[in-house]
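The values are calculated or read from the model by the stated rules, or taken from the named source; none is laboratory data. Predicted model only: the values in this text are computed from it and were never measured. Neighbour counts run over all protein chains shown; Cβ positions are idealised from the backbone, glycine included.
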Amino acid sequence: MAVEPELRARIEDLLGALAAAIDDGEVERWPDFFTEDGFYQIIPREGYEAGHPLGIMTCAGRGMMRDRIAALRDANIYEPHAYCHLLAQPLLERAAEGDIAARTNFALYRTIQGRATELFAAGKYVDRIVEEGGELRLKSRHAVLESRRVDILIVLPI
Amino acid sequence: MSAVRRSNEPLLDWPAEGVTRVPYRVFTEPEIYRLEEERIFRGPVWHFLCLEIEIPQPSDIRLASVGETPIVVTRDEKGAVNAMVNRCAHRGALVCLKERDRQKALTCAYHSWSYDLEGRLQSVAFRRGVRGKGGMPEDFDMTQHRLERLRVETFCGLVFGTFSAATPPIEAFLGPMTSGLIRRALGRPHRLLGMHSQMLHNNWKLYAENLRDSYHASLLHTFYTAFKINRVDMDGGMLLSEDGRHSVSYSKRATLQASEELEGMRSAQSASALEGPRLLDTFDEWPDGITHAIQAIFPTLGVQFTLNSIAIRFFTPRGLDETELFWIYLGREEDDPRQADMRAIQGNLTGAAGLVSLEDGCINEFVQRGTRGSPDEAAFVEMGGRAVASSDNSRATETGIRGFWQAYRELMGL
């Protein structure tokens with residue numbers, strides 16, 4: 001079933017704002033784009049297609065997302081770097097229970113301090129989006145990476 | 001840059017202090033890297049190739065590598081596991097192209113030379129020519145051409161290969177301690193939960209050191225310390241195999257006695273409760289109280305469990321200062337859904353985005369960059385003394401690193 005233009009515009013705004021929050025260094029806002037028990041996983045395409053339960057990063061609920069942020073702010077060691085997400089137009093579909101299934105291709109460029117910008121990842125977001133008290137939120141997001149090979153490390157969510 | 005070396009000069013002069021010093025040239029010298037391919041990767045050493053569960057059925061095929069040499073692993077009609085160099089005996093093209101495949105025969109795409117799953121040449125296209133013209137010489141002998149074979153042994157579902165006839169059987173190579181601990185972690189039927197890899201911009205031996213370095217874990221990996229998963233002030237030790245080349249660093253989480261020395265460190269500060277405590281939900285599966293063990297198996301394999309997360313780390317050189325590190329996560333066939341879920345969530349601790357391991361993605365590169373321009377300087381490796389010996393009650397030691405270099409020097413003649 002088609003998604004009406006007004007709702008599509010709101011979803012595109014949601015996906016764009018989420019990417020911008022990470023790109024702009026406001027990763028603290030990232031969990032707010034999810035429902036309280038929202039699920040997030042970065043997983044290589046081959047594992048996603050094989051149905052593997054374990055990805056590269058998994059957060060079950062906003063609490064685990066906030067722990068990730070606390071770790072990258074206070075505990076983890078890495079060279080300063082920033083992301084730039086490029087999002088394709090999402091493909092949207094009404095799913096069961098009134099959820100919206102969205103699939104959005106992305107390219108992610110990473111710039112480590114003092115180095116050239118490099119393509120860090122490309123793939124697709126496979127999202128389930130729900131409306132909660134008038135707000136759209138992600139019930140789940142799989143960031144499916146085309147390659148299983150990660151350059152150096154991943155510390156920021158994709 | 002070093003001057004051109006005369007043929008009679010040694011590749012490097014290892015400092016007189018022996019394995020407590022590591023000359024930085026070993027991480028940057030192309031000639032040493034070339035020699036490693038010959039003496040380590042084609043030497044009398046077992047190399048991890050893949051898991052048996054990746055090739056469960058006859059005709060299953062899996063690609064692997066030993067050093068930079070491409071390898072194809074097959075399970076033949078009789079159920080036996082074979083490993084060959086993935087290089088056609090004709091003109092050297094890759095014979096198998098898919099990382100995972102199922103085929104009755106291995107056929108090179110270039111000129112259709114075809115091999116059975118043990119690597120024996122079965123047919124050659126246009127062997128007798130076309131319409132009676134061309135073709136191989138009369139004396140062409142199929143039995144004289146085959147895929148170069150490796151010896152293969154399996155242990156607890158791990159497939160190992162070696163080029164050398166001198167490599168002892170796998171259990172003798174591992175020794176009783178190492179094989180016993182692998183059996184403990186992988187002895188029951190397991191299944192694949194996930195897999196990915198990480199490109200490290202450093203020589204492979206810097207990661208080999210890192211894997212054996214129980215000293216850094218509490219200091220660099222602050223998440224470990226802050227959340228009391230593995231700390232140097234828990235009961236534990238760093239044990240070496242008799243020959244010193246394999247090691248295990250282990251700890252018992254229930255035995256933490258916070259030490260003054262660690263509490264003052266950056267890594268022990270920031271401690272706060274997890275907002276998503278499910279990360280550290282565990283179930284009891286290790287009756288001996290050991291909750292964390294990282295085994296380093298010479299030269300490039302790691303088998304570890306952290307709480308209930310069981311993983312294999314395997315790394316392989318992709319050039320002088322490029323290393324690919326693979327993370328393979330396993331569960332057990334008998335796991336109930338709750339246990340399977342715990343293992344999946346605990347997978348967050350390690351890997352390319354591991355809360356406690358992601359620093360290893362960059363720290364070895366920091367050494368590669370830090371030592372650039374200083375090939376004649378050497379690392380100082382005396383934590384825990386100067387010996388290559390087990391450290392029964394402390395992991396504030398670099399003995400595992402010394403054990404690696406001892407084995408390395410012996411094989412390399414350096």
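Please verify whether A:Asp13 is at the interface with another protein chain (Cβ under 10 Å from one of its Cβ atoms), part of a helix (DSSP H, G or I) and farther than 14 Å from A:Tyr125 by Cα, treating the condition exactly as stated.
When the stated conditions are applied, A:Asp13 does not pass them.
Within region B:46-64, work out how many residues are under 19 Å from B:Asn203 (Cα atoms) and in contact with a helix residue (DSSP H, G or I) (Cβ under 9 Å, 6 or more places away or on another chain). Outline the logic, then answer.
We begin by selecting, within region B:46-64, every residue under 19 Å from B:Asn203 (Cα atoms); these are B:47-48.
Restricting the remaining residues to those that are in contact with a helix residue (DSSP H, G or I) (Cβ under 9 Å, 6 or more places away or on another chain) gives B:47.
The qualifying residues number 1.
Identify, from the list A:Ala121, A:Ala70, the residue that is of a type outside the set (Phe, Trp, Tyr), in a strand (DSSP E or B) and either more than 14 Å from chain B (Cβ to nearest Cβ) or within 24 Å of B:Ala344 (Cα to Cα) (or both). Explain how you work it out, then say what you get.
Details: A:Ala70 fails: in a strand (DSSP E or B).
A:Ala121 is the lone residue from the list that is of a type outside the set (Phe, Trp, Tyr), in a strand (DSSP E or B) and either more than 14 Å from chain B (Cβ to nearest Cβ) or within 24 Å of B:Ala344 (Cα to Cα) (or both).
Quick test of your reading of the structure: A:His52 fulfils all but one of (1) within 8 Å of chain B (Cβ to nearest Cβ); (2) touching a residue at least 60 places away in the same chain (Cβ under 8 Å); (3) out of contact with any Ser or Thr (no Cβ under 9 Å at 6 or more places or on another chain). Name the failing condition by number.
Result: A:His52 fails condition (2) only.
Within region B:313-327, track down each residue that is assigned to a strand (DSSP E or B) and either farther than 28 Å from B:Val26 by Cβ or in contact with a helix residue (DSSP H, G or I) (Cβ under 8 Å, 6 or more places away or on another chain) (or both).
If the condition is that a residue be assigned to a strand (DSSP E or B) and either farther than 28 Å from B:Val26 by Cβ or in contact with a helix residue (DSSP H, G or I) (Cβ under 8 Å, 6 or more places away or on another chain) (or both), then B:Arg313, B:Phe315, B:Thr316, B:Pro317, B:Thr323, B:Leu325 are the ones that fit.
Output the residues belonging to region B:192-215 that are among the aliphatic types (A, V, I, L, M) and either more than 7 Å from chain A (Cβ to nearest Cβ) or in contact with a Phe, Trp or Tyr (Cβ under 8 Å, 6 or more places away or on another chain) (or both).
Keep residues of region B:192-215 that are among the aliphatic types (A, V, I, L, M), which gives B:192-193, B:195, B:199-200, B:206, B:208, B:211.
Passing the criteria: B:Leu192, B:Leu193, B:Met195, B:Leu200, B:Leu206, B:Ala208, B:Leu211.
Does region B:216-237 contain at least one residue that is away from chain A (no Cβ under 14 Å) and either of a type in the set (Lys, Arg) or part of a helix (DSSP H, G or I) (or both)?
Looking through region B:216-237, none of the residues is away from chain A (no Cβ under 14 Å) and either of a type in the set (Lys, Arg) or part of a helix (DSSP H, G or I) (or both).
Among the residues of region A:148-156, is any among the basic types (Lys, Arg), buried (at least 17 other Cβ atoms within 10 Å of the Cβ) and under 16 Å from the mean Cα position of the chain (by Cα)?
So far as region A:148-156 goes, no, none of its residues is among the basic types (Lys, Arg), buried (at least 17 other Cβ atoms within 10 Å of the Cβ) and under 16 Å from the mean Cα position of the chain (by Cα).
Among the numbered criteria (1) within 20 Å of A:Arg68 (Cβ to Cβ); (2) at pLDDT 95 or above, which one does B:Asp341 miss?
Unmet for B:Asp341, out of (1) within 20 Å of A:Arg68 (Cβ to Cβ); (2) at pLDDT 95 or above: (2).
Scan region B:349-362 for residues that are modelled with pLDDT under 95, facing chain A (nearest Cβ under 7 Å) and touching a helix residue (DSSP H, G or I) at 6+ places or on another chain (Cβ under 7 Å) and report the count.
2
Say we look at region B:272-309 and pick out the residues that are more than 26 Å from the chain's Cα centre (by Cα) and polar (S, T, N, Q); which of these is nearest to the other protein chains (Cβ to nearest Cβ)?
Among those that are more than 26 Å from the chain's Cα centre (by Cα) and polar (S, T, N, Q), it is B:Ser272.
When both residues are 6+ apart or on different chains and their Cβ atoms are under 9 Å apart, which pairs have a first residue that lies in region B:232-256 and is touching a residue at least 60 places away in the same chain (Cβ under 8 Å), and a second that is of a type in the set (Asp, Glu) and part of a strand (DSSP E or B)?
Between residues of region B:232-256 that are touching a residue at least 60 places away in the same chain (Cβ under 8 Å) and residues that are of a type in the set (Asp, Glu) and part of a strand (DSSP E or B), the close pairs are B:Ser251/B:Asp235.
Would you pick out the residues in region A:74-91 that are more than 14 Å from chain B (Cβ to nearest Cβ) and of a type in the set (A, V, I, L, M, F, W, C)? Break it down stepwise before answering.
Going residue by residue through region A:74-91, those that are more than 14 Å from chain B (Cβ to nearest Cβ) are A:82, A:84-91.
Residues satisfying the conditions are A:Ala82, A:Cys84, A:Leu86, A:Leu87, A:Ala88, A:Leu91.
Which of the residues spanning region B:337-349 are without any contact (Cβ under 8 Å) to a residue 60 or more places away in the chain and either buried (at least 17 other Cβ atoms within 10 Å of the Cβ) or within 15 Å of B:Pro189 (Cβ to Cβ) (or both)? Please lay out each step first, then the result.
Within region B:337-349, the first condition is being without any contact (Cβ under 8 Å) to a residue 60 or more places away in the chain, and the residues that meet it are B:337-339, B:341.
B:Gln339 - this is the single residue of region B:337-349 that is without any contact (Cβ under 8 Å) to a residue 60 or more places away in the chain and either buried (at least 17 other Cβ atoms within 10 Å of the Cβ) or within 15 Å of B:Pro189 (Cβ to Cβ) (or both).
Listed here are the residues, each with its yes/no results for (1) in contact with a Cys (Cβ under 8 Å, 6 or more places away or on another chain); (2) under 22 Å from A:Glu28 (Cβ atoms); (3) without any contact (Cβ under 8 Å) to a residue 40 or more places away in the chain.
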position: A:Phe120; (1), (2), (3): no, yes, yes
position: A:Arg128; (1), (2), (3): no, no, yes
position: A:Glu131; (1), (2), (3): no, no, yes
position: A:Lys139; (1), (2), (3): no, yes, no
position: A:His142; (1), (2), (3): no, no, no
position: A:Leu145; (1), (2), (3): no, no, no
position: A:Arg148; (1), (2), (3): no, no, no
position: A:Ile158; (1), (2), (3): no, yes, no
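I'd like the full set of residues that are in a strand (DSSP E or B) and of a type outside the set (Lys, Arg), limited to region B:7-29. Let's see the steps before the verdict.
To start, the set of residues in region B:7-29 that are in a strand (DSSP E or B) comprises B:21-23.
Passing the criteria: B:Val22, B:Pro23.
Take region B:283-310 and flag every residue that is in a loop (DSSP other than H, G, I, E, B) and not hydrophobic (A, V, I, L, M, F, W, C). Explain how you work it out, then say what you get.
So in region B:283-310, the residues in a loop (DSSP other than H, G, I, E, B) come out as B:283-291, B:298-300, B:307-308.
Correct list: B:Asp284, B:Glu285, B:Pro287, B:Asp288, B:Gly289, B:Thr291, B:Pro299, B:Thr300, B:Asn308.
I'd like the full set of residues that are surrounded by fewer than 17 Cβ atoms within 10 Å (Cβ to Cβ), away from chain A (no Cβ under 14 Å) and of a type outside the set (S, T, N, Q), limited to region B:363-394.
B:Arg372, B:Gly373, B:Asp376, B:Glu377, B:Phe380, B:Glu382, B:Gly385, B:Arg386, B:Ala387, B:Ala389, B:Asp392
Give me the strands (runs of 3 or more DSSP E) completely within region A:74-117, filtered to those with at least 1 residues that are of a type in the set (A, V, I, L, M, F, W, C) and surrounded by fewer than 14 Cβ atoms within 10 Å (Cβ to Cβ), ordered by residue number. Please lay out each step first, then the result.
On the way: elements: A:81-87, A:91-94, A:100-112.
Per the criteria, A:81-87, A:91-94.
Filter region A:82-101 for residues that are touching a residue at least 40 places away in the same chain (Cβ under 8 Å) and within 30 Å of A:Arg115 (Cβ to Cβ) and give the result. Spell out the reasoning first.
Filtering region A:82-101 down to residues touching a residue at least 40 places away in the same chain (Cβ under 8 Å) leaves A:82-85, A:87, A:89-90, A:92-94, A:99-100.
Answer for region A:82-101, where residues must be touching a residue at least 40 places away in the same chain (Cβ under 8 Å) and within 30 Å of A:Arg115 (Cβ to Cβ): A:Ala82, A:Tyr83, A:Cys84, A:His85, A:Leu87.
In region A:129-147, what residues are crowded, with 17+ Cβ neighbours inside 10 Å and within 14 Å of chain B (Cβ to nearest Cβ)? I'd like the intermediate steps shown before the answer.
From region A:129-147, those crowded, with 17+ Cβ neighbours inside 10 Å are A:129-130, A:137-145; that's our starting set.
Answer for region A:129-147, where residues must be crowded, with 17+ Cβ neighbours inside 10 Å and within 14 Å of chain B (Cβ to nearest Cβ): A:His142, A:Ala143, A:Val144, A:Leu145.
Collect the residues in region B:352-371 that are without any contact (Cβ under 8 Å) to a residue 60 or more places away in the chain and outside any helix (DSSP H, G or I), keeping them in residue-number order.
B:Ala353, B:Gly354, B:Leu358
Output the strands (runs of 3 or more DSSP E) that fall wholly within region B:96-204 and possess 3 or more residues being buried (at least 16 other Cβ atoms within 10 Å of the Cβ) and of a type outside the set (S, T, N, Q), or say none. Walk me through how you get there before you give the answer.
Numbers: elements: B:100-102, B:121-123, B:149-155, B:158-162, B:190-200.
So the answer is B:149-155, B:158-162, B:190-200.
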